[in-house]
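J.: Just passing along the structure, written as structure tokens.
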Amino acid sequence: SISGTVTLANPSDTVFPNVQVFDQTGKWVWTQSPAADGTYAIALGLPTATYYARTAGGRPYVNEVWNDNSCLTDCDVVADGQPIQVTAPSTTAGVDFDLEAGIKLTGTVKDANTQAGIDDSVAEIFDTSGERVAGCRVGAAGGFTCRQAIPPGTYYAATRNYAGYIDELHSDPRRVCVGGGPFCDVTRGDPIVVDLVTSPDPLDFTLDRGGWFAGAVIDAMDRRGLAGTPILVYNHLGALVTEIVWKQPLRLVPDGAYSSCGLPAGSYYAFTDSTDNGGHHADQLYDDLPCVQGCNPLDGTPIFVIQGTGTSDIDFELLGRLFGDGFESQDTGGWTLSR
């Protein structure tokens, strides 16, 4: 097993974040809640191996990966953590966490015209290097409180939605960030200075309605939905502007239906890119063009987007991939010669 103590900056606090354990590949193994005094012991019997551990939860403390490294939303427990050697049947003790207080940012995301909340959206917080450190789910009334507490420092914020609005940076005057933070320079926004003395002002976003397109990704043979398949979207210059954000959990979209984020009026191109998604299907450039070994998006059929209107039936019907060596695209570069 693994055991240790979680210590909080506020010693009177008796509600502790959980401790999560991962194997040496970064795969989750177990989550353990500490006792009222902060002590914990992993209840699961662990085989002899190397493990990693981190704290996790919505408490106002900065989560860490052992040993003593901050571990925010997108941290890599293997790369950022220190290995924990476990030899069965012994317990590896002293895997302790000393957590500092953090700040949980708040704000709103609303329609610029009606002031209605946009609940199909998130606010995302980034550090000065552009790394995402917190995701903040927006409620029906448009308000949000970030689940992840962040340490003192300078940050930037942007929205990301699949409700047909054009995403923005936190800035005055407002600055467009099509596709959300991963697809624009978040440091063009106004810096958000976080300290433990003065709470930052709420981060309020008011988004304009854009155009969008929607459709489905399905298996061409058995007609089942392929929810979660990445779809890359390019503008008329061939520049990547966004990737389709799928609603979660994916099991709730069994028909493979999707909708893009809000886009400024214009023409766009799109293709599926399942490289990191199992690669079981041959990718496709809209409309119905093979895109097996990469393709030029401008070779596809343009998707015309009109302000405030959705363009429907932008569908992708993917065939199962039979070969991984370029056979479908007649790329023989990776083939070997048999005598």
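J.: From the Cα gyration tensor of segment 94-249, with a ≥ b ≥ c the square roots of its eigenvalues, which class applies: rounded if a/c is under 1.5, or else prolate if a/b is larger than b/c, or else oblate? Walk me through the numbers on the way to the answer.
T.: Numbers: a/c = 1.88, a/b = 1.48, b/c = 1.27.
Taking the square roots of the gyration eigenvalues as a ≥ b ≥ c, segment 94-249 is prolate.
J.: Using the crude model of +1 on Lys and Arg Cβ and -1 on Asp and Glu Cβ, and no other charge, please compute the dipole size for the chain relative to its Cα centre, in debye to 20.
T.: Numbers: 19 positive and 42 negative charges, 101 e Å.
With Lys and Arg at +1 and Asp and Glu at -1, about 480 debye.
J.: What's the local net charge at S3, with K and R +1, D and E -1, over the other residues with C-beta under 14 Å away? Before the final figure, lay out the partial values.
T.: Values: positive: none; negative: D37, D96.
Computed value for this residue: -2.
J.: Positive end of the dipole of the chain, charges at C-beta (+1 Lys, Arg; -1 Asp, Glu), about the Cα centre: which of S199, L169, G308 has its Cα farthest in that direction?
T.: S199
J.: Between segment 115-147 and segment 17-82, how far is it from one alpha carbon centroid to the other, in angstrom?
T.: 25 Å
J.: Quick one: dipole size for segment 137-176, taken about the Cα centre, charges +1 on Lys/Arg Cβ and -1 on Asp/Glu Cβ, in debye to the nearest 20.
T.: Taking the Cα centre of segment 137-176 as origin, the dipole is about 120 debye.
J.: Could you give the size of the charge dipole of segment 100-214 about its Cα centre, using +1 on the Cβ of each K and R and -1 on the Cβ of each D and E, expressed in debye and rounded to the nearest 20? Spell out each step's value before the answer.
T.: Values: 10 positive and 16 negative charges, 46 e Å.
Charge dipole, segment 100-214, about its Cα centre: 220 debye, nearest 20.
J.: For segment 254-321, what does the accessible surface come to per residue with a 1.4 Å probe? Please give it in Å².
T.: Numbers: 3240 Å² over 68 residues.
Heavy-atom SASA per residue in segment 254-321 reads 48 Å².
J.: From the square roots a ≥ b ≥ c of the eigenvalues of the alpha-carbon gyration tensor of the chain, which class results: rounded (a/c under 1.5), prolate (a/b over b/c), or oblate? Could the numbers behind the result be given before it?
T.: On the way: a/c = 2.43, a/b = 1.30, b/c = 1.87.
Oblate, because a/c is 1.5 or more while a/b does not exceed b/c.
J.: I've got another one for you. Could you tell me which Cys residues in the chain have no other cysteine's Cβ under 4.7 Å from their own Cβ, answering none if every one has a partner?
T.: Singleton cysteines: C261.
J.: Also: How many angstrom lie between the C-alpha centres of segment 155-171 and segment 235-272?
T.: 15 Å
The values are calculated or read from the model by the stated rules, or taken from the named source; none is laboratory data. Note that the structure is a prediction, hence the values are computed from the model and not measured. Neighbour counts run over all protein chains shown; Cβ positions are idealised from the backbone, glycine included. For accessibility, only protein heavy atoms count, side chains too; no ligands or nucleic acids. Shrake-Rupley method; radii C 1.70, N 1.55, O 1.52, S 1.80 Å.
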